[in-house]
Structure formats: C-alpha cells, structure tokens
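Participant: Would you mind keeping the following structure in view while I ask a few things?
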Amino acid sequence: MEIHLNGKKIESKAGTIMDLVLEQGLDHSSLIAEVNFKLISQESWKDVPVRPGDIIELLSFVGGG
Amino acid sequence: MPDMEKDGLILGNIEFDSRLFTGTGKFASHELIGPMLKASGSRLMTVALRRVDKGAPKENILNYIPPSVTLLPNTSGARTAEEAVRIARIAREAGCGEFIKIEVITDMKYLLPDNHETVRATEILAKEGFVVLPYMMPDITAARQLYDAGAAAVMPLGSPIGSNRGLEMKPMIKRIIEMSKLPVVVDAGIGRPSEAAEAMEMGAAAVLVNTAIATANDPVRAGLAFSLAVKAGRMAFLYGLTDRKKNAEASSPLTGFLRG
C-alpha cells in the first residue's frame with residue numbers, strides 16, 4: 001500500500017508500525033513515531049496498524065545547537 | 001578561593017550552578033560529550049529533532065548526555081511558529097522534558113532568527129507549560145514581546161551561528177540586558193572564552209556555546225576554558241567592573257623618587 005513516510009510517498013507491506021520500522025531497516029531503540037500527527041509510544045508500535053494514506057514520521061534526537 | 005555565595009540561575013523549576021550552556025551539534029565524536037560536560041560543568045545541552053536517515057549512524061544522542069544534564073531540544077528546521085510548536089510538542093511527548101529552545105529561521109545565509117514567528121511560538125508554548133528559551137535577533141521591542149508572551153529567558157545572538165565572530169551585536173545585547181525583566185542568555189557566535197567572559201561581564205545571565213567547543217581541537221579542554229571564562233566574567237559583573245578613564249592614573253606613589 002502507499003503511505004507517506006518522512007515526507008515521501010512509498011510502498012509498504014507493513015502491517016503495524018513495528019513492521020514498518022523493521023521493513024525500513026531502522027534501529028527502533030532511538031526512534032520516535034508519529035502517525036497522522038499523533039505520537040505513538042514504542043510499546044504500542046506492534047499494536048498500531050499502518051493504513052493506506054497514513055502520514056508517518058519516524059524521528060530521532062540528534063546533535064544540534 | 002574565598003567562599004562564594006550561591007549564584008545559581010533559575011529557569012523553570014531548575015537551578016543551574018553553571019552559567020555555561022552547551023550544544024551537541026558538530027562534535028567529531030559523540031563520545032566527547034560526556035568528558036566535555038564533566039570538564040566544563042555545563043548542566044544544559046541542546047539537541048535537535050530530525051527525520052531518521054537510513055544512512056546515518058544508528059545512535060541516540062540522548063545516550064551520551066547524563067541524567068544530571070537538562071535537555072534543551074531546539075526547534076531548528078522550523079520556518080514558522082506552527083512548525084516550531086509541532087516540534088516542541090513532539091519533543092516533550094517523546095520524554096525530552098519541559099524546556100524548549102525556539103529557533104525559527106528562514107534566512108539561510110546568516111541563519112538569523114525570525115523574531116515575529118518566535119514571539120508567536122513563545123506565546124503558544126508558554127501557555128502549554130513549556131519553559132521557553134527563544135533564540136532571537138537582538139531587538140528591544142522583541143525582547144519586551146517575548147517577556148509578555150511568557151518566555152523564561154531571552155537568547156539574543158552574539159553573531160551568526162557557527163561564525164565564531166563573537167559579540168558583533170554587543171551594543172544591542174547591552175541594551176537588552178539593561179531593560180530585560182528576564183535572564184539574558186547570549187546564544188550563537190561566541191568563538192572564544194574571552195568573548196564568553198565579555199558577555200558575562202556585561203550582565204548576561206548565561207551563554208550558550210556550541211560550535212566553538214564542539215569543533216575545537218580539544219573539546220574537553222575548550223569546555224573547561226569556557227567554563228572558567230564564564231565564571232570569571234560573572235564574578236567581575238558581581239564585584240563591579242572598574243571604570244575606564246580618559247587619562248592615566250599612576251599606580252605607584254608620585255613622591256619619594258630615588259633621584260636628584
């Protein structure tokens with residue numbers, strides 16, 4: 001299905017947010033997930049489904065001034 | 001060393017015993033952050049929030065900052081008040097605490113902040129209980145507006161971010177310190193310990209230094225040097241700097257010379 005991930009349209013087979021993180025090859029430990037402008041805690045990732053058209057942001061804290 | 005009275009800086013509900021704030025950007029290695037913090041005694045550090053980049057190293061900057069240090073997430077990347085507010089809310093919900101540095105920039109050459117959007121973001125976020133530290137272009141009217149908007153401090157720039165040009169904005173910073181009802185934190189462009197000392201001598205409540213420490217050949221030593229400068233400058237401000245005079249005034253007696 002098509003979703004928006006970090007500002008780009010991509011194809012994904014992920015069923016849940018956790019699936020998406022793994023599908024993208026990302027390290028979950030430092031990630032923040034926002035789905036349709038709502039923050040989803042890491043504990044809930046395996047329970048929150050990914051739906052077509054979802055706007056998803058995968059973020060992390062980085063060095064900055 | 002004489003017994004010094006406690007001279008902490010209170011922001012939000014935290015008392016900082018160091019008036020040197022630091023940033024996590026541009027370190028050659030994040031492993032240097034811990035030792036730098038230990039050497040400098042800095043107790044507040046900025047971080048940024050970004051979309052993950054698959055190519056980037058998988059490390060969480062927060063792992064390098066000890067719990068005794070207050071996190072100051074910034075809203076870098078925001079071009080409008082709305083974008084800044086969104087970043088702030090995400091940072092807080094993600095467990096970064098109540099402090100937020102508002103950074104709203106559309107000038108890509110000098111990275112000068114947009115005071116108007118900064119005031120708007122401050123108003124919204126202060127109402128939501130954030131401890132707002134707005135990065136601003138030195139301007140008395142904007143400083144007043146930030147106070148009215150509920151900021152916890154004002155953070156006028158010394159000179160453009162990363163430029164190491166020191167206190168280019170010195171005259172206006174002085175005026176802000178004179179009129180401000182909020183602590184004034186000079187943030188951006190401080191390149192040398194002497195410039196940090198100068199800001200503190202002027203009456204700044206604190207300074208925020210990132211580039212000059214992070215990109216130094218020896219960031220640990222640089223952190224120590226800046227902390228000593230901040231202490232010296234603050235002490236000078238407290239004891240009261242002596243006046244500059246037009247003419248010379250001899251330091252040794254003008255009588256009893258061994259001559260004639």
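Participant: Please check: in the Gaussian network model of chain A (C-alpha springs, under 10 Å), which one of A:Ser29, A:Ser12, A:Ser41 has the largest mean-square fluctuation.
Facilitator: Maximum among the listed residues: A:Ser29.
Participant: Let me ask something else. For the stretch A:21-65, which chymotrypsin sites (Phe, Trp or Tyr not before Pro) are both in a DSSP coil and crowded by at most 15 other Cβ atoms within 10 Å?
Facilitator: A:Phe37
Participant: Still on this structure, I have one more. B:Lys54: which aspartates and glutamates have alpha carbons under 14 Å from its alpha carbon, excluding same-chain residues fewer than 8 sequence positions away?
Facilitator: Counting by Cα, and skipping residues close in sequence, B:Lys54 has these aspartates and glutamates nearby: A:Glu23, A:Asp27, A:Glu57.
Participant: Tell me, B:Val230, A:Val62 in order of fewest to most beta-carbon neighbours within 10 Å?
Facilitator: Numbers: B:Val230 27, A:Val62 23.
Lowest to highest Cβ neighbour count: A:Val62, B:Val230.
Participant: Quick one: length gained pulling B:Glu178 to B:Glu249 fully straight, 0.36 nm per residue minus the C-alpha distance? Present the calculation step by step, with values, prior to reporting the outcome.
Facilitator: On the way: separation 71, 0.36 × 71 = 25.56 nm, distance 2.96 nm.
Once the chain is fully extended between B:Glu178 and B:Glu249, it gains 22.6 nm.
Participant: To continue, here is another question. In the structure shown, do any of A:Lys46/B:Lys26; B:Lys26/B:Lys174; A:Lys9/A:Lys38 have a Cα-Cα gap over 26 Å, and if so which?
Facilitator: A:Lys46/B:Lys26; B:Lys26/B:Lys174
Participant: Let me ask something additional. Just in chain A: which trypsin sites (Lys or Arg not before Pro) are loop by DSSP and have at most 13 other Cβ atoms within 10 Å?
Facilitator: Loop-located and lightly packed - A:Lys13, A:Lys46.
Participant: Then there's this: Looking at the stretch B:181-260, which chymotrypsin sites (Phe, Trp or Tyr not before Pro) are in a loop (DSSP not H, G, I, E or B) and have at most 13 other Cβ atoms within 10 Å?
Facilitator: When the chymotrypsin sites (Phe, Trp or Tyr not before Pro) of the stretch B:181-260 are filtered for loop state and at most 13 Cβ neighbours within 10 Å, B:Phe257 remain.
Participant: Sort B:Met36, B:Met172 so the one with the fewest other Cβ atoms within 10 Å of its own Cβ comes first.
Facilitator: B:Met172, B:Met36
Participant: In the Gaussian network model of chain B, springs joining C-alpha atoms below 10 Å, which of B:Gly240, B:Gly162, B:Gly23 carries the largest mean-square fluctuation?
Facilitator: For chain B, modelled as a Gaussian network with Cα springs under 10 Å, the answer is B:Gly240.
Participant: How large is the Kirkwood hydrodynamic radius of the protein assembly as shown, in angstrom, based on all distinct alpha carbon pairs?
Facilitator: 21.2 Å
Participant: Here is a follow-up. Which value, in nm² and rounded to one decimal, describes the direction-averaged projected area of the C-alpha convex hull of chain A?
Facilitator: Average projection, Cα convex hull of chain A: 4.5 nm².
Every number here is computed from the coordinates shown, using simple stated rules; none is lab data. Remember, predicted model here, so these are calculated numbers, not experimental data. Methodologically, a virtual Cβ is constructed for each residue, glycine included, from the backbone with ideal geometry; neighbour enumeration extends over all protein chains shown.
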